[in-house]
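Where a number appears in this text, it was derived from the coordinates with a stated rule and is not lab data. It should be emphasised that the depicted structure is a prediction, and the values quoted were computed from it without experimental measurement. Glycine also receives a Cβ, built like all others from the backbone with ideal geometry; neighbour counts cover every protein chain displayed.
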Amino acid sequence: MSTVTGSEKPYLSPTQLDMAAKCGLQYEYRYVHGLRIAPAVAMVIGKATHKSIEKNLRAKLETKALLKEAEVTEMAAEALKNEWAGEGVTLSEDEVAQGEKKVQGSAVDTAVSLARLHHRVLAPAIQPTHLEREVQVEIKGYPFDLKGFIDIIEPDGIRDTKTASKAPKGDEAENSTQGKFYSLARTVLDGAPPAKFSLDYLVKTSEPKAITVTAQMDEDDHRRLLLRVAKVGEMIQKGVFTPAPHDAWYCSARWCGYWSRCPFGAKQRVQG
């Protein structure tokens, strides 16, 4: 294996691998047919929060100091409004009933509170050496390479930030596809896996809280990741896309934007 850039070989990202594992039909709609849908409110909040965090940590990387809290929260609010206006948003039935203006206002408040939480609790201890580092790992003998962005690289490891509605399970870091990819990429770059992989969760409870879970990846994790790449690649090449389990929580109108089109979804389906 080697780390390359500009390869013409097709690639898979950690996001694509996870989507294919959850629901092959969702993968087919998005990546085979190129059918993009407006993200749900939770995703817009996550993107806006992530952008404010990236800018705050980049200031620390370049100037050795974080931005002022007011700047960080203003960035989060502005980013959410821009994301909303740009890609649009998919509202649930409950959110439609509330009204878009009210839902957007609540989303802004949430993004601001999470950005503030990260700035106060997590950012002071993070020592970034690289941010949003793009890496592509060439996997010889496989039909696909792996490509993605490592959010935060520190001297003692790598980390990623998630927004969530509930606290993470204790094994979220060790089961993370992103974590395995990051570890593999760093191993190729440095000759050894990073000391640790950390997932920083910003939990959207009534009183937002930050929870960090960590794991140390090894060669067995890399092997499992490559096996997943092989199986997903086989699925894509054969064009066999299986649906999510019928009782999967995410197989619903609330969590899947393709619900109205899917033969396993709504009874009255959108055609085309």
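Summing -39500 (n - 2.57) over the DSSP H runs of n ≥ 4 in the chain and dividing by its residue number, what mean residue ellipticity at 222 nm do you reach, to the nearest 500 deg cm²/dmol?
Helix contribution divided over all residues of the chain: -13500 deg cm²/dmol.
What whole number of Å gives the distance from the Cα centroid of region 33-72 to the Cα centroid of region 115-175?
Cα centroid of region 115-175 versus Cα centroid of region 33-72: 13 Å apart.
Magnitude of the Cβ-charge dipole of the chain, K/R +1 and D/E -1, about the Cα centre, nearest 20 debye?
460 debye
When log10 I(q)/I(0) by the Debye sum over Cα atoms at q = 0.07, 0.08, 0.11, 0.13 Å⁻¹ is calculated directly from the model, which label among (1) -0.27, -0.35, -0.66, -0.90; (2) -0.55, -0.63, -0.83, -0.99; (3) -0.27, -0.36, -0.70, -0.99 fits?
(3)
Would you work out the relative contact order for the chain, in percent, from Cα pairs under 8 angstrom that are 6 or more residues apart?
Taking the mean separation of contacting Cα pairs over the length of the chain, I get 22 percent.
Arrange 247, 171 by Cβ neighbour counts within 10 Å, fewest through most, would you?
Listed from fewest to most nearby Cβ atoms, that is 247, 171.
Subtracting the Cα-Cα distance from 0.36 nm times the residue separation, let me have the gained length for residue 230 to residue 78 in nm, one decimal.
Computed gain between residue 230 and residue 78 is 50.7 nm.
Could you tell me the relative contact order of region 44-195? Use alpha-carbon pairs under 8 Å, at least six residues apart, and round to a whole percent.
Taking the mean separation of contacting Cα pairs over the length of region 44-195, I get 20 percent.
Among 13, 260, 165, 176, which comes first, then next, by fewest other beta-carbon atoms within 10 Å?
The fewest-first ordering by Cβ neighbours comes to 165, 260, 13, 176.
Just name one of 107, 39, 57: the one whose Cα is farthest towards the positive end of the charge dipole of region 38-126 (beta-carbon charges, Lys/Arg +1, Asp/Glu -1).
Ranked along the dipole, the leading option is 57.
Each residue of region 86-103 in turn: what ³J(HN,Hα) in whole Hz from Karplus with 6.51, -1.76, 1.60 and θ = phi - 60°, glycine and Pro shown as x?
x, 7, x, 8, 9, 9, 6, 4, 4, 5, 4, 5, 6, x, 4, 4, 5, 5
Which residues' amide hydrogens lie under 5 Å from the amide hydrogen of residue 11, considering only partners 5 or more residues apart or on another chain, with H built in the peptide plane?
The answer is 145.
Taking the Cα centre of region 38-126 as the origin, how large is its charge dipole in debye, to the nearest 20, when only Lys and Arg (+1) and Asp and Glu (-1) carry charge on their Cβ atoms?
It comes to approximately 500 debye.
Greater than 32 Å separation of Cα atoms is the criterion. Which listed pairs, 55/102; 64/209; 169/231; 196/238, meet it?
Distance filter (> 32 Å) returns 196/238.
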